[in-house]
Amino acid sequence: MTLKFSESELSLLKELQRNTSDRDTYQKLTTLIMLYNKLSQEFIAEMLGVDRTTINRHFRFFQSASSFEDYLSVHYKPCTGKLSSEQLVAVKEYVSLHLCSTAAAVAAFIAKTFQIEYSESGATALLHRLGFVYKKTKLIPSKSNASLQETFVASFRELEKALEVDAVILFADGVHPQHNTEASYAWIEKGKEREILSNTGRTRVNINGAINPLNPTEVVAYECDTIDAVTTVSFFKEVEKRFADKKSIHLFVDNARYYRSKLVMAYVETSKIELHFLPPYAPNLNPIERLWKFLKKTVIKTNYTPDTDVFKQNIKDFFDNIEQYKQKLDSLINTKFHIIKKSAVLLQT
């Protein structure tokens with residue numbers, strides 16, 4: 001008499017077990033967890049203070065359910081009261097449409113709407129059961145325009161189709177890695193802390209970069225004291241040297257002022273670089289943003305270097321040896337654009 005559960009199912013069973021105050025529900029959940037761990041019926045019965053018939057009954061109830069979710073909907077009772085299927089749908093809709101930062105906010109909604117009291121831990125278990133997880137929100141530009149993004153993607157696809165053999169498409173952007181580590185997620189032994197050293201200064205490196213999204217290891221990284229119109233022209237010259245075999249270079253950039261400066265615009269008039277501008281507030285359309293994120297994760301965030309020169313050398317080494325990251329970059333960087341479509345949410349505390 002053994003049971004199999006996925007990691008998420010087992011985790012949910014354990015959380016529900018901890019959060020239920022109903023004795024019968026606790027017995028049912030504990031029986032399933034113990035059977036999963038291949039404990040004998042006799043041992044389970046003795047631990048729970050019941051007979052083997054009860055353990056058999058709990059097992060049969062689970063086996064007869066059409067699905068894991070169906071079993072829980074019938075046999076799991078929250079701490080106080082049980083929501084109907086219609087009420088569960090209403091809770092799920094509410095959490096989907098509102099940004100609930102705590103389980104207490106959900107418990108408050110349930111109490112106000114249905115007059116059923118949930119503890120915060122009980123609401124947490126319910127949210128897991130409804131398919132929600134607690135994770136960071138994702139920031140998007142509030143001024144992004146989906147229509148402009150879609151128009152851009154359509155015109156980009158036309159350029160891709162008509163691209164000549166002696167032409168190349170690049171995406172450019174400036175980045176300013178700061179000489180410091182950052183707190184990040186890591187596997188840490190339960191009950192212990194993992195500390196990393198950080199610097200107090202604000203030294204940073206200024207890089208103007210360009211990448212070929214169809215071959216992400218083709219990167220031009222131009223370091224300079226500051227990114228302005230003058231250094232951007234120098235950067236463009238480096239791009240032309242790197243792709244000297246190309247007759248034309250289609251370079252996509254954002255709307256930073258130095259890209260639109262008179263000096264830069266005058267330079268590209270006699271250059272083989274043809275500038276294309278991304279829609280405003282659309283970093284999602286620039287594949288090089290993924291390169292910058294990968295650079296920070298690989299070299300900067302968790303790699304403590306007290307010496308500024310070592311920090312700069314680590315960044316230089318990253319670009320000099322970028323071929324070693326080819327497999328990862330090929331999976332990260334492409335022209336499968338994601339369109340930002342704003343959806344308003346109300347933060348619930």
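The values are calculated or read from the model by the stated rules, or taken from the named source; none is laboratory data. This is a predicted model, so every value here is computed, not measured. Every residue, glycine among them, receives a Cβ derived from its backbone with ideal geometry; neighbour counts consider all protein chains shown.
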In region 139-167, residue surrounded by the fewest Cβ atoms within 10 Å (Cβ to Cβ) [restricted to those that are among the aliphatic types (A, V, I, L, M), closer than 21 Å to Asn255 by Cα and in contact with a Lys or Arg (Cβ under 8 Å, 6 or more places away or on another chain)]: Ala146
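For region 240-257, state whether one or more residues are over 31 Å from the mean Cα position of the chain (by Cα), touching a residue at least 40 places away in the same chain (Cβ under 8 Å) and part of a strand (DSSP E or B). Before the answer, list the steps.
Within region 240-257, the first condition is being over 31 Å from the mean Cα position of the chain (by Cα), and the residues that meet it are 240-249.
From what's left, touching a residue at least 40 places away in the same chain (Cβ under 8 Å): 243, 245-249.
Checking the rest, the ones that are also part of a strand (DSSP E or B) come to 248-249.
Within region 240-257, one or more residues are over 31 Å from the mean Cα position of the chain (by Cα), touching a residue at least 40 places away in the same chain (Cβ under 8 Å) and part of a strand (DSSP E or B).
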Of all residues in region 304-339 being basic (Lys, Arg) and either in a loop (DSSP other than H, G, I, E, B) or modelled with pLDDT of 90 or more (or both), the one that is surrounded by the fewest Cβ atoms within 10 Å (Cβ to Cβ): Lys336
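Being part of a helix (DSSP H, G or I) and either outside the structural domain of Glu69 (by TED's automatic domain parsing) or at pLDDT below 85 (or both) is the filter here, so list the residues in region 2-12 that pass it.
Initial filter on region 2-12 (part of a helix (DSSP H, G or I)): 7-12.
Result: Glu7, Ser8, Glu9, Ser11, Leu12.
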Of all residues making up region 175-193, the number that are touching a helix residue (DSSP H, G or I) at 6+ places or on another chain (Cβ under 8 Å) and either modelled with pLDDT of 75 or more or assigned to a helix (DSSP H, G or I) (or both): 3
The lone exception for Gln313 - which of (1) closer than 21 Å to Ala154 by Cβ; (2) polar (S, T, N, Q); (3) without any contact (Cβ under 8 Å) to a residue 12 or more places away in the chain it fails: (1)
Of all residues in region 142-164 being of a type in the set (D, E, K, R) and in a loop (DSSP other than H, G, I, E, B), the one that is modelled with the highest pLDDT: Glu164
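Could you list, in sequence order, all residues of region 202-217 that are in contact (Cβ under 8 Å) with a residue 60 or more places away in the chain and either of a type outside the set (A, V, I, L, M) or in a strand (DSSP E or B) (or both)?
Start the filter on region 202-217 by keeping residues that are in contact (Cβ under 8 Å) with a residue 60 or more places away in the chain, which leaves 203, 205, 207, 209-211, 213-214, 216-217.
The answer is Thr203, Ile207, Gly209, Ala210, Ile211, Pro213, Pro216, Thr217.
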Among (1) over 31 Å from the mean Cα position of the chain (by Cα); (2) modelled with pLDDT of 85 or more - the single one Val95 does not satisfy: (1)
All positions within region 115-138 that are more than 21 Å from Leu12 (Cβ to Cβ) and crowded, with 16+ Cβ neighbours inside 10 Å: none
